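A short worksheet on the structure shown next.
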Amino acid sequence: MKDRGMIKWQPFDSLTSSKNMVQHILSEKEKIKKPVLSEEQLREIQERLWEGFHNQIPLHITYFFKGKYQMKKDVIVLNISLRDKKILLEDSSLYFDQIIQIISN
């Protein structure tokens, strides 16, 4: 009997685009809305941010990115740009409005 090789799988090739679409839909469903922070929470974030920056204290920063919570642990704030509303960390940068929580060690 002659084997058809990869030809026999061609009808199933159309399913890969469906699979990608389903994965995209599921990932979109997992996204959450960014929480609205109170004035007190924003003030607390600001105080911890400045304290961490001036004293070079490692911080745990929880931030919101692409519909999910992310966390950076034991990072040092290298610079705070009030003009750009951005903080510069050792390995990246974050905008103020992304930050949800800051915990100092």
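No lab work stands behind these numbers, since they all come straight from the coordinates. These numbers come from a predicted model, not from an experiment. Note that we place each Cβ from the backbone using ideal geometry, even for glycine, and neighbour counts take in every protein chain shown.
So how do 28-37, 61-70 stack up, highest first, on mean other-Cβ count within 10 Å?
Packing order, densest peptide first, comes out as 61-70, 28-37.
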Got the relative contact order for segment 34-86 handy, in percent, Cα pairs under 8 Å and 6 or more residues apart? 29 percent
With x for Gly and Pro, the residue-by-residue ³J(HN,Hα) of segment 19-26, computed from phi through the Karplus equation 6.51 cos²θ - 1.76 cosθ + 1.60 at θ = phi - 60° and given in whole Hz, is 4, 4, 5, 5, 4, 5, 4, 5
